[in-house]
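Inspection log for the structure reproduced underneath, given as structure tokens.
Every number here is computed from the coordinates shown, using simple stated rules; none is lab data. None of these values were measured; they are calculated from a predicted model. Cβ atoms come from the backbone with ideal geometry, glycine included; neighbour counts cover every protein chain shown.
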Amino acid sequence: MPSESRSVLGSAVPAALPRPGRGLVVAALLLLAFECLLHSDAVLHRYRSVFAAGRALDKSLYAEANCPSLILLGNSRADNGFDPRTLTRELGLPLERGAFNLGVPGADTRVLAGIVDRLDAAGCLHGGGTRKVVLALDEALVQPIDTLGQAVFFAPPARLWKDGQHHDALRATLRLYGYTNNLRQLREPASLQRFVQASLGPVEPVGGGAAQHLGYRAGFGGLQDAQSVQLQEASSVAPPDAVNVRQLWRLLDLLAARGVQVAVTFPPLLSREVLYLAGDAPAGAPYRAIAAELRRRGIPLIALDDGRPREPAEFVNAGHLNDRGAQRYSRLLAQGLQRVWGPSAAPATAAHARPAAS
């Protein structure tokens, strides 16, 4: 309907444009409400079967509540690479609170440092709580890859601002903005259906909740989309990110300050060796420098190699194990940890399941 005009001293003057009304106010309040919901652990945890960040929180909350004696840290290659029950059985060391797989798909060291901060705040790194940590280190951990939006929830914004990562800091501060790309998965009918089901009642993630398999999720096709696999593998030829490397040292410094024993292992790859240990290729030099610094700190490096060839039947794809592979490499990790932490281990030893190349 055309705007009406009114006459002033014989001249036609257009009527004033309507001011923003209640609709804009309601929209702003709804956005604010959604933003507040995304800052609630309870809300994110409720949708653990829908969003990867919710499953990551499920695992973190379990660890914070139970403070396992041994925690495995890493990304998706740790998540489906090591079975805590097999590890505990084969390790043969007293673990009063057991072991737990805190591998977080899509995580980098910024995310892991935030999760370790949460464990510390929960008191797990003090007294008789978590006394041993195994870090499953691959090249992607020291790259700022956040396709699953984990940094939005686990990387503290203040630290991101301080490190000059202003865009990621903004994403972590305004989570509705930062997590928008991941919320778009609700356009998929299967994701929307899980969202509705989770809204009506508790629904566990694919593969079970954190308590069911102690954080471990057996690898099978479809757990990681093609884009994530491609990004994770492409990062191996790029140099480490300086901020992510600093977060690695910060994480290890905090564990050392709390008296937690740390060992580093390298999840197996089907088609190549990890750059931390392999050869003298120029692309691997920054990664070999990280390995050298780990040795300088007296942190044992465990190369999971028993001399047998890697079998395609043990892998979901080139970088992720299936359950058969996870059982084999969990046993190998236990053997390496026995040499490092067993009764016969020398202080600050750097012995390995198979010695890592210097």
DSSP beta bridges in region 20-341: the antiparallel percent, rounded to 5, is 10
Rounded to the nearest Å, the spacing of the alpha-carbon centers of region 157-188 and region 29-58 is 13
Fluctuation leader among ALA283, ALA136, ALA155 - the chain, Gaussian network, Cα springs under 10 angstrom: ALA283
What is the set of long-range amide H partners of LEU321 at a cut-off below 5 Å, with H atoms built 1.01 Å from backbone N? VAL316
Which of these, ALA289, ALA257, ALA27, has the largest mean-square fluctuation under a Gaussian network model of the chain (Cα springs below 10 Å)? ALA27
Quick check for me: using +1 on Lys/Arg Cβ and -1 on Asp/Glu Cβ, what's the dipole size of region 20-341 about its Cα centre, in debye to the nearest 20? 460
Compute the distance from the alpha-carbon center of region 288-334 to that of region 61-126, in whole Å. 17
DSSP H segments from the chain that extend 15 Å or more along their own axis, Cα-based, with Kyte-Doolittle mean of 0.0 or above: 22-37, 109-121, 189-200, 242-257
Rounded to the nearest 500, what is the chain's calculated 222 nm mean residue ellipticity when only DSSP H runs of at least 4 contribute -39500 (n - 2.57) each, over all residues? -13000 deg cm²/dmol
Prolate/oblate/rounded label for region 115-160 (Cα gyration tensor, a/c 1.5): oblate
